[in-house]
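Each value in this text was obtained by applying a stated rule to the coordinates, not by laboratory testing. Quick caveat: nothing in here was measured; it's all calculated off a predicted structure. FYI the Cβ positions are ideal-geometry reconstructions off the backbone, even for glycines, and counts take in every protein chain you see.
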């Protein structure tokens, strides 16, 4: 599994996280900067990112103020994977994990 390390030590906002994630995943230029947009491209419409599963995004050094949001984002990814796995129209699970270290 590919490991994508994000250094959150300079982040001040959710936007900073989304910008770093888009760059790390090689997202299309017009990619949205919100949770729903990333769930779509990380779990459902994979062709919109250059980086393809399987991968783990590991977030390190994020400020305490952003950690609850980042934990929520990680749980959203896990939930989207379950939804995809449970819907036969999507063709099964994708191996994508987000970890807040």
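Before moving on, here are some points about what is shown:
- Between the stretch 1-35 and the stretch 54-76, the Cα center-to-center distance that results, in Å: 11
- In this structure, residue 15 and residue 95 have a Cβ-Cβ separation that, at R0 = 30 Å, corresponds to a calculated FRET efficiency of about 0.65.
- Using alpha-carbon coordinates, inclination of helix 14-25 to the longest axis of the chain, degrees: 50
- Ranking of 45, 17 by count of other Cβ atoms within 10 Å, fewest first: 45, 17
- Order of 11, 30, 90, 76 - criterion: other Cβ atoms within 10 Å of each residue's Cβ, fewest first: 30, 90, 76, 11
- Estimated FRET transfer efficiency when R0 is 25 angstrom, pair residue 1-residue 29 (beta carbons, to 0.05): 0.40
- R0 of 25 Å, Cβ-Cβ distance residue 44-residue 65: FRET efficiency to nearest 0.05: 0.25
- Put in order of Cβ neighbour count within 10 Å, fewest first, the listed residues 99, 41 become 99, 41.
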